[in-house]
Amino acid sequence: MKMRRIVVLTAAVLVSQLALAKLPMTNDVFGKSEGTLDFCAQANPRDAAKYQERKKSLVRGVSEKEVADARKTQEYKTAYDWITDELGKVPKDQTAAACNAVLQSDK
């Protein structure tokens with residue numbers, strides 16, 4: 001059940017951020033979002049390009065400097081590491097379902 005909460009939260013954050021022009025999320029949320037997408041790209045290499053496109057959409061309209069600065073923060077790094085660690089603890093079949101849900105969340 002904890003995994004579902006993580007997936008739902010992450011999917012909600014990802015979907016809501018796609019329509020916004022600036023990086024309106026905290027570095028913590030940004031780290032968790034990118035961590036989830038990177039984890040899914042590694043877990044499901046067949047759809048890696050789709051996850052990378054999602055990552056790009058998170059920062060669409062945001063300057064490269066702002067994105068780079070956000071990624072350098074401890075808040076981002078801690079969140080990124082936390083989410084990838086948590087996702088790594090989940091059974092592979094649940095991870096696959098969660099990652100597929102992330103890709104389906106914009107349809």
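The values are calculated or read from the model by the stated rules, or taken from the named source; none is laboratory data. Predicted model only: the values in this text are computed from it and were never measured. Here Cβ is always computed from backbone atoms with ideal geometry, including for glycine, and neighbour counts include all displayed protein chains.
All but one of (1) over 16 Å from THR26 (Cα atoms); (2) hydrophobic (A, V, I, L, M, F, W, C); (3) without any contact (Cβ under 8 Å) to a residue 24 or more places away in the chain hold for ALA101; state the number of the condition that does not hold.
(3)
What's the number of the only condition in (1) modelled with pLDDT of 95 or more; (2) within 12 Å of the chain's Cα centre (by Cα) that GLU75 fails to meet?
Only one criterion in (1) modelled with pLDDT of 95 or more; (2) within 12 Å of the chain's Cα centre (by Cα) is unmet by GLU75, namely (2).
Exactly one condition in (1) of a type in the set (Asp, Glu); (2) surrounded by 13 or more Cβ atoms within 10 Å (Cβ to Cβ); (3) out of contact with any Asp or Glu (no Cβ under 9 Å at 6 or more places or on another chain) is false for GLU75; which is it?
Here GLU75 clears every test but (3).
Can you confirm whether SER33 is of a type in the set (S, T, N, Q), surrounded by 13 or more Cβ atoms within 10 Å (Cβ to Cβ) and at pLDDT 75 or above?
yes
Where the second residue is surrounded by 13 or more Cβ atoms within 10 Å (Cβ to Cβ) and the first is more than 13 Å from VAL102 (Cβ to Cβ) and lies in the range 38-65, which pairs have Cβ atoms under 7 Å and are six or more apart or on separate chains?
Pairs that qualify, where the first residue is more than 13 Å from VAL102 (Cβ to Cβ) and the partner is surrounded by 13 or more Cβ atoms within 10 Å (Cβ to Cβ), are VAL59/LEU23; VAL59/VAL67; VAL62/LEU23.
For the range 78-93, what are the residues that are surrounded by 14 or more Cβ atoms within 10 Å (Cβ to Cβ) and assigned to a helix (DSSP H, G or I)?
Hits for the range 78-93 are THR78, ALA79, TYR80, TRP82, ILE83, THR84, GLU86, LEU87.
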